[in-house]
Amino acid sequence: MRTALAALLASACVVAAQDGMDAYDSDAFEPYGFDPYGGYGGYDPYGGYDPYGNYDPYGAGGGYGPAFETIDSEEALEAFLATNNEAYPAVVAYIAEDAEADLELFTQVAEENQYSYKFALVSDRDMMETRNYDQLAITVYKPSLDVHPKYDRHRSRYPGRDVSLPSLERWLAKNAVALVGLRSWETASLYEQLNLPMVMLFTKVDRQRNKKQYDYYANRLRKVAQDYKGKYSFVIANMDDYKSDAQEFGWSEEDIDQVKALVGVRDGKERYPMPADGKFSTDAVKAFMQELVDGKLAPRILPDATIDPSGLGDDEVEIDLDEIAPEL
């Protein structure tokens, strides 16, 4: 019964869509490369199409805009970093104009990661020669708001010239985040790619209006994080954005709403909350981490997400097909 209804509904939708296309004047749009099947002409396997149906290797993107910017001067590069590298990691690739395979790889990486990084391409011969780059060179800049000169290198260069998509993405994830960084929806995937247990400090964050408070917590957390490089990632999360994450640690609603800073470690489904009754300090976090490493803390285990099949319902539904597609 349900299968038959689904088939009839699908047919009705197809008929309605076709009627709409019959009324569509394709001649008016053909000069711009638009086709009647919901897209632009000239589609390329790498997502490299422009609104006129042509492949554009210098900025084609599969998202809402170009996946990368093309830089042709030192001034443009400086402006790109100043504009895009405060909260985002920025990736700058130096690729010779005739290196088609390298350009193809970079385009794919940029399109697949354009919401986590800001990408730029430099093919200007003078800019490459100034840096002694004769072929491929890829550099990544950690978000400048997260970088501390004592603990972080702002800029890193990909080692070697043999680049593959998996190796480049792993290298970017490892080198794109600072020792302590801000967790946001843009950077969340970067930390997931590190595949490390995460030390999270929940507090109020407004780096535009009160950067001093953010730096206060970040500086104290860095003193702990330096002892756990490559073993744990360390982030600061805005409580207003990640309250549901904080609730997973089992702190009371009163603590979540009133305590200025809460610290916990997430490792898969395991949550290790630092007691909320103590004052935040470097020594307190160090002691908490030592207890965790020594195996003295019992985790809070998150339950598996399940779907109750009884909630889906088995009631018969009567549909008047005449009202949906009267011309069928």
Order 198-207, 157-166, 274-283 from most to least packed using the mean count of other Cβ atoms within 10 Å.
198-207, 274-283, 157-166
Dipole of segment 179-298, positive direction: furthest Cα of 182, 226, 193, with charges on the beta-carbon:
226
Longer than 18 Å from Cα to Cα, which of 231/286; 211/279; 118/142; 118/212 are they? Say none if no pair is.
211/279; 118/212
With a Förster distance of 41 angstrom and the Cβ-Cβ distance between residue 209 and residue 291, calculated FRET efficiency to the nearest 0.05 equals 0.70
Pairs of alpha carbons in segment 185-243 whose separation is greater than 16 Å (percent)
48
Dipole magnitude of segment 179-298, debye to nearest 20 (Cβ charges: Lys/Arg +1, Asp/Glu -1, about Cα centre):
580
Using all alpha carbons of segment 60-139, what is the percent of pairwise distances in each 5 Å bin, ordered from the shortest bin to the longest?
3, 16, 28, 26, 19, 7, 1
Segment 77-203: relative contact order from alpha carbon pairs under 8 Å, six or more residues apart, as a whole percent, is 28
What area, in nm² and to one decimal, does the C-alpha convex hull of segment 179-298 cast on average over all directions?
7.1
Which of the lysines could a cross-linker bridge to residue 243, judged by Cα under 16 Å and excluding same-chain residues fewer than eight apart?
204, 260
Label points 7 Å out from Cα along the Cβ direction at residue 229 and residue 254: separation in nm?
4.3
Contour minus Cα-Cα distance for residue 162 and residue 241 (0.36 nm per residue)
24.5 nm
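Where a number appears in this text, it was derived from the coordinates with a stated rule and is not lab data. Predicted model, so just to flag it, every value in this text is computed and none were measured. No Cβ is skipped: glycine too gets one built from the backbone with ideal geometry, and neighbour counts run over all protein chains shown.
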